[in-house]
Amino acid sequence: MSIAINKEVDNTIIDPEVRPPLVTGMNDYTSVTEIVAAVAERPRPPKAWFIGFFTAVSLTGMLFSLVGYLIITGVGVWGNNNPVFWGWPIVNFVFWVGIGHAGTLISAILFLFRQNWRTSINRFAEAMTIFAVVCAGLFPGIHIGRVWLAYWLFPIPNQMSMWPQFRSPLLWDVFAVSTYATVSLLFWYMGMIPDLATFRDRSTSKIKRFAYGLFSMGWTGSNRHWHRYERAYGILAALAAPLVLSVHTIVSFDFAVSQLPGWHTTIFPPYFVAGAVFSGFAMVITLIVPARYFFGMQDLVTKRHLENINKIMLVTGSMVGYAYAMEFFIAWYGGNRYEQFAFVSRAFGPYAWAYWTMVSCNVISPQLFWFKKVRTTPWMMFVISIFVNIGMWFERFVITVTSLSRDFLPSSWAYFTPTWVDVLMLIGSFGLFFTLFLLFCRFLPIVAMAEVKAVMNAPESGDYHLDEPEAVASHG
């Protein structure tokens with residue numbers, strides 16, 4: 001892959017008299033288009049892309065092979081036992097749903113608050129949301145055991161007069177996640193239409209021109225198109241914003257409405273939402289730091305963008321740490337001995353290794369972002385983002401497994417041990433995620449060109465657009 005050789009500009013210096021640029025270097029509208037389009041217009045992908053794609057596809061194949069093995073053999077191939085009926089599959093589901101949070105947050109909420117710095121990173125985050133929800137949706141479907149009866153989740157009358165339990169948050173989850181996925185997909189696609197038209201106009205092959213033309217829906221960049229586009233984009237943003245809060249709130253209800261010690265707490269909805277935003281932004285850093293380096297996009301995805309993401313991670317990571325402390329305080333203050341035992345067991349019981357791994361990764365490591373050197377150094381933030389991803393997976397493991405393994409009856413306690421199928425399915429889900437992400441990098445505009453140009457300084461020449469047909473398609 002191409003490696004940028006230009007020295008990176010530090011635009012994180014705060015000058016009260018001058019607003020720092022969001023696009024650095026000597027870039028103009030044309031060069032922005034050239035940088036973004038170059039990724040998809042190469043005749044052949046670079047070797048590094050092939051290596052990454054082959055690895056990811058292999059892991060994806062392993063995942064679906066294991067799914068087939070699971071369906072043929074039964075859920076006994078997992079480590080789930082009595083009383084840990086919810087093992088790694090549900091942990092993986094909650095983890096991936098949380099990863100999908102940052103995309104809609106960056107796209108919708110930051111758009112509604114007119115935060116222009118979102119423009120260079122929102123496409124990454126939106127794509128990540130879609131792919132993470134795909135991974136999340138896989139696990140509840142196979143967790144039910146008899147996947148051929150998954151349609152029972154829907155309110156379809158049948159010969160047994162069975163209906164879903166509408167008072168169960170598990171059913172609400174089906175509708176919440178499917179609604180979130182639908183709106184996020186529409187929002188992602190809507191934002192890409194002007195950029196797909198630019199790709200269409202630059203295409204040199206009939207197949208690409210047809211494909212990009214089909215999905216750009218006849219976009220010409222006229223004033224009428226822009227007017228309708230911006231209205232539709234705003235409406236979708238307004239619809240998507242509440243979903244950021246609702247989806248993981250409902251996921252938290254799966255636990256909070258039960259009577260199980262360690263789950264039955266009112267702090268779960270805001271705790272889950274903060275954790276989801278935290279993990280989502282960590283995954284954005286994990287993806288965007290190597291992508292901007294390998295694709296030479298340091299001028300578009302600048303240190304200022306990365307620093308802003310890290311500041312959000314610092315805030316949400318502190319909120320997560322506060323929630324951990326409040327859980328212990330409420331367990332003590334509430335005076336419920338079962339609740340107190342559950343939390344003491346988490347910290348000092350048989351799963352203490354998982355609990356302290358979670359605390360180290362989620363509470364301690366993001367505190368390094370207090371230092372500007374760490375917030376603005378790509379490799380440092382990349383390492384911390386990996387730790388946060390690990391910590392957030394362990395958070396779901398701690399919540400799910402520690403509470404189930406030691407409930408009210410000591411005679412029913414059992415230690416959960418994952419099987420090789422559990423471990424390989426988790427790894428395989430990352431393969432599915434990165435397969436989709438690498439395909440996105442190869443064939444679609446990974447940076448929102450039209451939105452980036454909108455926050456750049458206008459060209460001095462009044463007839464600038466007349467020299468660049470692709471710029472006309474993007475700006476109307």
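The values are calculated or read from the model by the stated rules, or taken from the named source; none is laboratory data. If you're wondering where the values come from, they're calculated on a predicted model, not measured in any experiment. No Cβ is skipped: glycine too gets one built from the backbone with ideal geometry, and neighbour counts run over all protein chains shown. Surface areas here come from the heavy atoms of the whole protein model, side chains and all, with no ligands, DNA or RNA. Shrake-Rupley method; radii C 1.70, N 1.55, O 1.52, S 1.80 Å.
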Simple SL model, points at 7 angstrom along Cα→Cβ for residue 30 and residue 371; separation in nm is 4.4 nm
Ignoring trypsin sites (Lys or Arg not before Pro) buried by more than 12 other Cβ within 10 Å or outside DSSP loops, the longest site-free run in the chain is 168-476
With 0.36 nm assigned to each residue of separation and the Cα-Cα distance removed, residue 185 to residue 413 gains 77.8 nm
Rounded to 0.05, the calculated FRET efficiency for the beta carbons of residue 178 and residue 71 at R₀ = 22 Å is 0.50
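State, as an integer percentage, the relative contact order of the chain based on alpha-carbon contacts under 8 Å between residues 6 or more apart.
32 percent
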Placing each pseudo-label 7 Å from Cα in the direction of the beta carbon, residue 50 and residue 246 end up separated by a distance in nanometres of 4.7 nm
Note: residue 17 to residue 64 extended length (0.36 nm per residue) minus current alpha-carbon separation gives 11.3 nm
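Counting only heavy atoms of protein chains, what accessible area per residue, in Å², does the chain have with a probe of 1.4 Å? Walk me through the intermediate numbers first.
On the way: 21760 Å² over 476 residues.
Ligands and nucleic acids excluded, the result is 46 Å² per residue.
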The alpha-carbon center of the range 314-383 and that of the range 25-64 are separated, in whole Å, by 36 Å
Within the chain, excluding any GluC sites (Glu not before Pro) found in a DSSP loop (not H, G, I, E or B) and having at most 14 other Cβ atoms within 10 Å, the longest uninterrupted segment runs 18-459
Chymotrypsin sites (Phe, Trp or Tyr not before Pro) in the range 305-387 lying in a DSSP loop, each with at most 14 other Cβ atoms within 10 Å of its Cβ, come to 371
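State the percentage of accessible surface on the range 116-203 attributable to carbon and sulfur atoms; use a 1.4 Å probe and exclude ligands, DNA and RNA. If you can, show how the numbers build up before the last one.
Details: 2640 of 3800 Å².
Answer for the range 116-203 is 69 percent, counting heavy atoms of protein chains only.
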Length gained if residue 57 through residue 443 is fully extended, taking 0.36 nm per residue and subtracting the Cα-Cα distance, is 137.3 nm
One finds the C-alpha centres of the range 237-266 and the range 76-128 to be spaced, in Å, by 13 Å
Flagged as over-length at 21 Å C-alpha distance, from 303/372; 47/303; 206/453; 303/453, the pairs are 47/303; 206/453
